[in-house]
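The values are calculated or read from the model by the stated rules, or taken from the named source; none is laboratory data. Only a predicted model underlies this, so the values are computations on that prediction, with no experimental measurement involved. With ideal geometry, Cβ positions are generated from the backbone for all residues, glycine too; neighbour counts draw on all protein chains shown.
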Amino acid sequence: MIRNSFKNQSVIEFVYKIMLGDQMKKIILIEDDEILSSGIESYLSKNDFEVETCKNFEEAKIKINNSFDLAILDINLPDNDGIGLLNTLRENNVRVIITTVKNDEKFIVRALDNGADDYITKPFKLAILRARIDKTLRTALVKDDFISFKDLSLNKNEGCFYYKDEKLDLTALEFEVMNLFINNPNRIFTREFLLERFWDRREKFVNDNTLTATIKRIRDKSDRDIIKTIRGIGYRMDWWFIYFTLWVYLLYIIFWKQERKRE
């Protein structure tokens, strides 16, 4: 019944377009392996993405100024290691997923510290890449004065967080950490990045346990699932719960309308 209503378009695809908008998302694919590049381009084009391909660093630099929503960047380009290009992409407000054959923790951490939103190691299935793209393109559900996540909300005017409508008693440091995460949904922040951002600038020596203790206090004051641990790398505020709730709500509306028509 639903498929007929939307001309054989699946409900998930319908909801996804509502969430991200009807406009086709534009992706720049920077990959020197022509067979892999062709396969990714063909797959994404069939899934309603506009894809522009580049084979190397120099070609990509010329095209970056075009308006792209996301970049898929092979960090091991033949004429550059990709970090410089990653920085340029982030300066142009382009979200970045890096691809690499190096399943090396330090190498991945370096890319994440330089602004990558996510990573995927080769070889990978195209469906997995699509899932990473979908996740990265989702942005915070932001209103003029509020940012909300589950039962947590940031009141920008008041400069404070609420959990289940109760104001949280956060230290200045805890507030800064929460503010960073809620304004960067789904982005992975490495432990090294967080330590440098919030402690090194205060010229205070801290050990790794200081960050762990701060995250634990935030979880204790709000919800233990607010900030997810990415084992061996760092932390991320995961927005899947919000989008799942939206899907359920929209499905309810769709079924409700269909029942009204039948009456």
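Of all residues in the stretch 185-198, those that are modelled with pLDDT of 80 or more have Cβ atoms under 8 Å from Cβ atoms of residues that are assigned to a loop (DSSP other than H, G, I, E, B) and surrounded by fewer than 18 Cβ atoms within 10 Å (Cβ to Cβ), 6 or more apart or on another chain, in ILE188/ILE233; THR190/ILE233; ARG191/ILE233; LEU195/VAL206. Taking first residues from the stretch 104-124 that are free of Cβ contacts under 8 Å to residues at least 12 places away in the same chain and more than 21 Å from LEU137 (Cα to Cα) and partners that are part of a helix (DSSP H, G or I) and not hydroxyl-bearing (Ser, Thr, Tyr), the Cβ contacts under 9 Å between residues at least 6 apart in sequence or on separate chains come to PRO123/LEU36. Within 20 Å of PHE124 (Cβ to Cβ), modelled with pLDDT under 90 and under 21 Å from the mean Cα position of the chain (by Cα) - does that describe any residue in the stretch 16-32? For the stretch 16-32, residues within 20 Å of PHE124 (Cβ to Cβ), modelled with pLDDT under 90 and under 21 Å from the mean Cα position of the chain (by Cα): present. If the condition is being surrounded by fewer than 19 Cβ atoms within 10 Å (Cβ to Cβ) and within 10 Å of PHE198 (Cβ to Cβ), then the stretch 175-184 contributes GLU176, LEU180. Whether any residue in the stretch 44-55 is at pLDDT 90 or above, buried (at least 17 other Cβ atoms within 10 Å of the Cβ), under 17 Å from ILE133 (Cα atoms) and acidic (Asp, Glu) is what I want to check. No, every residue in the stretch 44-55 fails to be at pLDDT 90 or above, buried (at least 17 other Cβ atoms within 10 Å of the Cβ), under 17 Å from ILE133 (Cα atoms) and acidic (Asp, Glu). For the stretch 100-120: of the residues being assigned to a helix (DSSP H, G or I) and of a type outside the set (Gly, Ala, Ser), which is surrounded by the fewest Cβ atoms within 10 Å (Cβ to Cβ)? The qualifying residue surrounded by the fewest Cβ atoms within 10 Å (Cβ to Cβ) is LYS106. The residue that is nearest to ARG110 (Cα to Cα), among those in the stretch 52-89 that are part of a loop (DSSP other than H, G, I, E, B), within 23 Å of the chain's Cα centre (by Cα) and charged (D, E, K, R), is ASP81.
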